[in-house]
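Peer 1: Before I ask anything, let me first share the structure, which is written out below as structure tokens.
Throughout, read-outs are computed from the coordinates displayed, never taken from laboratory work. The shown structure was predicted, so the numbers you read here are calculated from the model rather than taken from an experiment.
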Amino acid sequence: MKRLFCTFVLAAAALSSNDAGAAETSLALGSVEAPPSSGVDRATLRTTAEGELLGVDASRLKSRRKIIVSVALIGTSDAPVACTVNATLHDGKSGTLLAIIEGRARSESNSASAELRKAVLRVAVRNAVRQIPEALSASK
């Protein structure tokens, strides 16, 4: 019984130390921009970016500060369906620009349906967000 209690205490301590480290580093979504001429719904871009930021493994972030991530759609095409997204990383306290990341995606399909455009946009955002841990490590 005593061994079980010790195991429980050690497990709780390990979990709380992981939670504390994750709370020290936070990613917050800043501005989201998509030119009206792009044909991309800004709400879709925002929702996609929010979801991808939630999926970032905080243990891979070496920074112990709040990071503001702003996302901008900088290019699209219809044949083939393609999308380029920039994500800028700013220090949440000072506003200092830490990194600019580019995410791209394209489909070889001849169909430029709205659903395909959204899927390509989601992949471009995911490709940008996945680079955040490495970009923050390089910005030190």
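Peer 1: Once amide H atoms are built 1.01 Å from N in the peptide plane, which residues 5 or more positions from Leu29, or in another chain, come under 5 Å H to H?
Peer 2: For Leu29, whose amide H was placed from the backbone, the distant partners under 5 Å are Val69.
Peer 1: I would also like to ask the following. First obtain the Kirkwood hydrodynamic radius of region 25-138 from its Cα pairs, then insert it into the Stokes-Einstein equation at 4 °C and 1.567 mPa s, and state the resulting D in µm² per second as a whole number. Don't skip to the end; give the middle numbers.
Peer 2: On the way: Rh = 14.2 Å.
D = 91 µm²/s.
Peer 1: Could you derive backbone 3J(HN,Hα) for region 77-90 from the dihedral phi with the Karplus parameters 6.51, -1.76 and 1.60 (θ = phi - 60°), listing whole Hz in sequence and x where the residue is Gly or Pro?
Peer 2: Using θ = phi - 60°, the values come out as 8, 9, 9, x, 5, 9, 8, 10, 10, 9, 10, 10, 10, 10 Hz.
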